[in-house]
Amino acid sequence: MKLLRLVPEVTKIQFMRWRKISFPLSGAVAIASLALFFMVGLNFGIDFKGGTLLELRSMQGPANLAQVRTTLSGLKLGDVQVQEFGEPEEVLIRIESQEGHEQSSQVVVSKVREALGQNYEFRRTEVVGPRVSGELATKGFLAVAISLVMILFYIWFRFEWQFAAGAIITTFNDIVFTIGFFSLFQLDFSLSSIAAVLTIIGYSLNDTVVVYDRIRENLRRYKKMQLEELLDLSINETLSRTTMTSATTLLALLALYFFGGEVIQSFVLAMIVGVVVGTYSSIFLAAPLLILLGLRTSVFNSNRDDEPKKA
Amino acid sequence: MLYFSRWKIVTIAMVVVGGLLATLPNFFSSATLKSWPDFLPQNQVVLGLDLQGGAYLLYEVDREDYKTQQYRQLVGSVRSALREKPRIGYTGLGVHGDGVQVRIRDAARIEEAQKRLQGLVNPLSGGFGGTPVNEFALTEKEGLLRLTFTDEGLEQRLKGVVAQSIEVIRRRVDELGTTEPSIQQQGADRILVEAPGESDPQRLKNVIGQTAQMTFHLVDDQMSSAQAKTARAPAGTMLVPDVDGQTVYVVEETALLGGEELQDAQASFDQRTNEPVVNFRFNTSGARTFANVTRKNTGRPFAIVLDNTVISAPVISELITGGSGQISGNFTLESANNLAVLLRAGALPAKLNVMEERSVGPGLGQDSIESGKIASLLGGLLVILFMVLAYGSFGAIANTALAVNILLLFGVLTTLQATLTLPGIAGIVLTVGMAVDANVLIFERIREEARSGRSAIGAIDAGYQRALGTILDANITTLIAAVVLFAIGSGPVKGFAVTLMVGLFTTVFSAFTVSRLLISIWVRRRRPSKLPI
């Protein structure tokens, strides 16, 4: 049986040359993402902004969005968004955080229930008070920061500081890109998006670490080889694995995106984007960054050789 | 790397069988499980509220409200302390901002007043390092005495408040009898109520959200309701509105009796008007007080006040010795029932505010399970197919390891009774994708080793050996992210972190034992000279 191969068995692509393109490109995309983030901003969901989210299903036939809108605007609840959700029977309603007391959002739900309860089934209700939403935002930010710092230390401990710095810059690039993607398409940024970002961190690092692992091994093996050449060799050697793993993970994620239901779609979309960017950055950013960070081929020489030598 | 001692094989087999046994109950109905012998595991995986439907309510003790209420009581204690003979003249006693203050008229007696009020500061047991810590701090400035909560005092009180609130909520919910929610403390002053299967939390919120502090006060009939709206209440009385806010009653500040003296309360119908009412009965001491009050005040109206609202203000028509009475106040049968439940279960020590509410109807939960199942099956099938296309018979071995991996993952989740949420299902699908990574790393390494001139067996051996470090590094970095997510996340996100963490462990296990064992068996049978990949 002829086996499927995503890339030829042996490749000799000179990835390091691409850094003249990949660095400015990634830099530009990162700046654009940050600009989007600061100028347009993320479409924060109620988890971080506070407010009310309701998922309704019409009991007879397709939902009448226009009528729902009119009914709700009659209730004077401030900014209200009404949209179809997955199927024509389903409606997603977002109501902004109410002015005044911590409890005022509570009144909103009972008002809407009273107005629409006859014709709609309330499938999901989420009310987040302004205080809790602030805490959730802080916690989410902390989660990302803490895990980055811990991973930094782990890589530093296992490799050299250049690797740790390279991994963090690469990962940071991936996060910034994902945030930019969320800003550009105004996807709902909720608690589960933080989970998605953290998974992207994990995945991107996973990819980067595999490449770095090979670089470290080759540094020990080919002591005389030029750094640029050595990095190219390492990426080419791991290329087949990088693409295979991305492919299987993407297959699983795509199945989840199309069939996993509306509720987790934006969560899965973020991960798909993250896997694609993570793969790109571990090839085109992680390794060439080591040149920029001044890694020297002699770094693993002398008496630190703890791995068995192989000719 | 290809040699397995017998005990290792046995251990691996036992782990796999254990995983299978732990997973098995998930495929049967709970009725079937009851008929199983006791030695078999019967736990099923716990579904999160987002999958089985239910309500999640996060309450917080209203500190300001609690403090104000406590300060009001303190005012009474300060008054009686200063009125004790010999009386100390004072003025301006009341709650001002964060504290109770009073001005002592005679500058010469400030010290004496201070000494008396010092008796109210309630030393807390267990002061730290010798310095006694009090509940209240007493300060004096030019004849103005102030009592305020110390931080430690308030924290200590809140602890008690939260514990007592949990008790009361549990009693109230038990009275309802429909759901079995979990009620837990969160942080210093929060209470989390999770009610599986409760798709409309409104009823639950009605029952939990009301403080239900009931007190009985004499109505001051010197002042009419119309006057009361514009005028200030005379000393020793306070203004309390009725349910519609139309009428304002002037009632004596000191309550005659409180809800804590109640023994029973039941919803019922008034025999004459046939309207829903609540019948109540005091305990022995309450009944005695009630009898006294009714004897002294026959013909005067008194107010039944619930959470700062007058729900009824009947005139005492006769002496009541039996200690029972009736509240009629425009009830529906349901609201009468609710009030009876609240009165029986007792009052909350402080107001609770809803900080966060999430509820999912059973329909959506079922849909989520269905789509989660379809997506994971499809994702799994695609990955399996892809692996066979890419690695042939080695791919089939990797797929077997994958199956064991998923089995173990479910087994561990079931045994730990971890909660499976919708993002958790996404975590499983992601694990499927990443689990394959371990095998891909190994197989690619084997290919490389073979290219560099090793024999088939040598390449397999070296491939496993060299891929180990990489796989560990790669999985530990992901594990770090997952652990942080678990520590900081809540609800569904935590569920995602759990599946991801468990998934990482089972992945490393299945790649390094199951797939390696299968390959070593294959090598021994075939004695290959050429690699199939």
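Check A:Val209, A:Val277, A:Val197 and return the single one that is at the interface with another protein chain (Cβ under 7 Å from one of its Cβ atoms), out of contact with any Leu (no Cβ under 9 Å at 6 or more places or on another chain), open to solvent by less than 30 Å² (accessible area, probe 1.4 Å) and in contact (Cβ under 8 Å) with a residue 24 or more places away in the chain.
Values: A:Val277 fails: at the interface with another protein chain (Cβ under 7 Å from one of its Cβ atoms); A:Val197 fails: at the interface with another protein chain (Cβ under 7 Å from one of its Cβ atoms).
Exactly one residue qualifies, and that residue is A:Val209.
Of all residues in region A:70-83, one or more are farther than 29 Å from A:Leu205 by Cα, open to solvent by 30 Å² or more (accessible area, probe 1.4 Å), touching a Ser or Thr at 6+ places or on another chain (Cβ under 9 Å) and more than 11 Å from chain B (Cβ to nearest Cβ). Looking only at residues of region A:7-21 that are under 12 Å from A:Ser240 (Cα atoms) and surrounded by 13 or more Cβ atoms within 10 Å (Cβ to Cβ), we find that the one that is farthest from the other protein chains (Cβ to nearest Cβ) is A:Thr11. Working only within region B:405-433, note down all residues that are crowded, with 24+ Cβ neighbours inside 10 Å and aliphatic (A, V, I, L, M). B:Leu408, B:Leu409, B:Leu413, B:Leu420, B:Leu422, B:Ile425, B:Ala426, B:Ile428, B:Val429, B:Leu430, B:Val432 - these are the residues of region B:405-433 that are crowded, with 24+ Cβ neighbours inside 10 Å and aliphatic (A, V, I, L, M).
For region B:54-62, the condition holds for no residue, the condition being that it is modelled with pLDDT of 85 or more, farther than 30 Å from B:Gly197 by Cα and among the acidic types (Asp, Glu).
Here's the yes/no breakdown for (1) surrounded by fewer than 20 Cβ atoms within 10 Å (Cβ to Cβ); (2) in contact with a helix residue (DSSP H, G or I) (Cβ under 7 Å, 6 or more places away or on another chain); (3) on the phi > 0 side of the Ramachandran plot; (4) part of a strand (DSSP E or B):
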| site | (1), (2), (3), (4) |
| --- | --- |
| B:Ser268 | yes, no, no, yes |
| B:Gln271 | yes, no, no, no |
| B:Val278 | no, yes, no, yes |
| B:Arg281 | yes, no, no, yes |
| B:Thr294 | yes, no, no, no |
| B:Gln326 | yes, no, no, yes |
| B:Asn330 | yes, no, yes, no |
| B:Glu334 | yes, no, no, no |
| B:Ala350 | no, yes, no, no |
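Could you list all residues from region A:173-223 that are polar (S, T, N, Q) and in a helix (DSSP H, G or I)? Residues satisfying the conditions are A:Asn173, A:Thr178, A:Ser183, A:Ser192, A:Ser193, A:Thr199, A:Ser204, A:Asn206, A:Thr208, A:Asn218.
Of everything in region B:234-246 that is free of Cβ contacts under 8 Å to residues at least 24 places away in the same chain and on the phi < 0 side of the Ramachandran plot, the residue that is least open to solvent (accessible area, probe 1.4 Å) is B:Thr237. When A:Glu217 is tested against the conditions (1) out of contact with any Lys or Arg (no Cβ under 9 Å at 6 or more places or on another chain); (2) facing chain B (nearest Cβ under 9 Å), the lone failure is (1).
Quick grid of which residues meet (1) more than 12 Å from every other protein chain (Cβ to nearest Cβ); (2) under 12 Å from A:Thr208 (Cβ atoms); (3) touching a residue at least 24 places away in the same chain (Cβ under 8 Å); (4) crowded, with 19+ Cβ neighbours inside 10 Å:
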{"site": "A:Gly129", "(1), (2), (3), (4)": "no, no, yes, yes"}
{"site": "A:Glu135", "(1), (2), (3), (4)": "no, no, no, no"}
{"site": "A:Ala143", "(1), (2), (3), (4)": "no, no, yes, yes"}
{"site": "A:Ser147", "(1), (2), (3), (4)": "no, no, yes, yes"}
{"site": "A:Ala164", "(1), (2), (3), (4)": "no, yes, no, yes"}
{"site": "A:Gly180", "(1), (2), (3), (4)": "yes, no, yes, yes"}
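Of the residues screened, A:Leu230 is one that is over 26 Å from B:Phe386 (Cβ atoms) and part of a helix (DSSP H, G or I).
The set of residues from region B:94-106 being open to solvent by less than 40 Å² (accessible area, probe 1.4 Å) and assigned to a strand (DSSP E or B) comprises B:Gly94, B:Val100, B:Gln101, B:Val102, B:Ile104.
The values are calculated or read from the model by the stated rules, or taken from the named source; none is laboratory data. Fair warning: this is a prediction, and the values are worked out from it, not measured in the lab. Positions of Cβ are backbone-derived with ideal geometry, glycine not excepted, and every protein chain shown enters the neighbour counts. With ligands, DNA and RNA removed, areas are computed over all heavy atoms of the protein, side chains included. Shrake-Rupley method; radii C 1.70, N 1.55, O 1.52, S 1.80 Å.
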